Amino acid sequence: MTVMSYRQAINETLRAEMRRDDRVFLIGEEIGIFEGSYKITAGLLAEFGEARVRDTPISEEGFTGAAIGAAMLGLRPVVELMTINFSLLALDQIVNHAAKIHGMFGGQSSVPLVIRTPGGGGQQLGATHSQNVELYYAFVPGLKVVAPSNPADAKALLLAAIRDDDPVLFLENLALYNTKGEVPDDDTVAEIGRAAVTRPGADITVIGYSRMAALGLEVANELAAKEGIDAEVIDLRSLRPLDRETIVRSVRKTHAAVVLEDDWLTYGIGAEIAATISDGAFDQLDAPVRRVAMAEVPLPYAKSLETAALPSATDVETAIKQTLAAVGRLR
């Protein structure tokens, strides 16, 4: 094991995969000399050259489309979109082409493409640069969508994404880039579509992904230490495919659930998880599923307002306690 940051884990994984497979190349805006807006591609141009670290003009639709074509011809491109907000400019290429080509042409062509992109609030980047629009992609058959919450999963899921023959959206949260953790030195590849139980427990199930999975685990550990509340925490890791089996199995054990997401509540991923619980464990629930999400506003630039709009540790703790109190199980 090596302790490294989430940012380093992605950088080192890209380097290792480019050394392992010369079909892997990177393409995006300012990823070469500038080494990416968040320095994820640091040192890669110097090692692999311009043919494999391709700086592009500001044209998300254009270079995403070029990467799709390269993937169809046998290469394994890794696109960097500067922020998930800009992915909306490439939406037609991602949704109408990358996601559909394999099925539309009877399996004659695959699109082994990875689109890496950061998102999330808390950085005072304003309403148009602080969004979590992963829901748009998790909605689309033909795409796979993963969202690691820690450095080890960042490595394991990126390995899986690059080696997958289908297009994969690899979502990074800006708030996680400097977080650190142990990363296996071996070539452990995650299974896309498999959630992780990051904390076993018996009182209530807490379900989240990306930053909210990390926050949920932090709150659960504090509640266990201070108040004896034994929460089970599930890190979804993959939004499409969604590991419904692990969610249902946990709720059938704990009989209560809180769902966490960094996005707006209405029509969100939390709603899909709540429906999954209703389908598979309704008869085992002691209380309604509670959801914690962002305020339904464009995220403000002002720091105090931005902080107030984003879900916090206090919000998570309150939701857990209110759910347990509703069924008389709060110690």
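One table, with the values for the structure above:
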quantity: Surface share of carbon and sulfur [accessible, 1.4 angstrom probe, percent] for the range 216-266; calculated: 50 percent
quantity: Loop trypsin sites (Lys or Arg not before Pro), the range 137-210 (other Cβ atoms within 10 Å of the site Cβ: 10 or fewer; DSSP); calculated: none
quantity: Surface share of carbon and sulfur [accessible, 1.4 angstrom probe, percent] for the range 1-91; calculated: 58 percent
quantity: Residue of Asp164, Asp22, Asp243 that the Gaussian network model of the chain assigns the largest fluctuation, springs spanning Cα pairs under 10 Å; calculated: Asp22
quantity: Charge dipole (debye, nearest 20) of the chain; +1 at Cβ of Lys and Arg, -1 at Cβ of Asp and Glu; calculated: 340 debye
quantity: Charge dipole (the range 187-331, unit charges on Cβ, about Cα centre) - positive-most of Ala220, Ala313, Ala287; calculated: Ala287
quantity: Restricting the range 54-123 to chymotrypsin sites (Phe, Trp or Tyr not before Pro) in coil, as DSSP defines it, with at most 11 other Cβ within 10 Å; calculated: Phe105
quantity: Surface/4 of the Cα convex hull for the range 15-59, nm²; calculated: 3.0 nm²
quantity: Kirkwood hydrodynamic radius of the range 223-331, Cα pairs, Å; calculated: 14.9 Å
quantity: Residues of the range 275-331: accessible area per residue with a 1.4 Å probe, Å²; calculated: 55 Å²
quantity: Candidates per chymotrypsin sites (Phe, Trp or Tyr not before Pro) in the range 1-37, loop by DSSP, up to 15 other Cβ within 10 Å; calculated: Phe34
quantity: Within a Gaussian network of the chain (alpha carbon springs, distance under 10 Å), most fluctuating of Ile33, Ile273, Ile234; calculated: Ile33
quantity: Over 18 Å (Cα to Cα) - which of Lys100/Lys144; Lys226/Lys253; Lys144/Lys180; Lys39/Lys144; Lys180/Lys321 fall in this group; calculated: Lys226/Lys253; Lys144/Lys180; Lys39/Lys144; Lys180/Lys321
quantity: Per-residue [θ]222 nm for the chain (sum of -39500 (n - 2.57) over DSSP H runs n ≥ 4, rounded to 500); calculated: -10500 deg cm²/dmol
quantity: Residue-wise HN-Hα coupling along the range 204-214, computed from phi with Karplus coefficients 6.51, -1.76, 1.60 (Hz; x: Gly, Pro); calculated: 7, 9, 10, 10, x, 8, 6, 4, 6, 5, 5
quantity: Solvent exposure of the range 16-151 as accessible area per residue, Å², 1.4 Å probe; calculated: 42 Å²
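The values are calculated or read from the model by the stated rules, or taken from the named source; none is laboratory data. Values in this document were obtained by computation on a predicted structure and should not be read as measured data. With ideal geometry, Cβ positions are generated from the backbone for all residues, glycine too; neighbour counts draw on all protein chains shown. Surface accessibility is based on the protein's heavy atoms, side chains included, excluding ligands, DNA and RNA. Shrake-Rupley method; radii C 1.70, N 1.55, O 1.52, S 1.80 Å.
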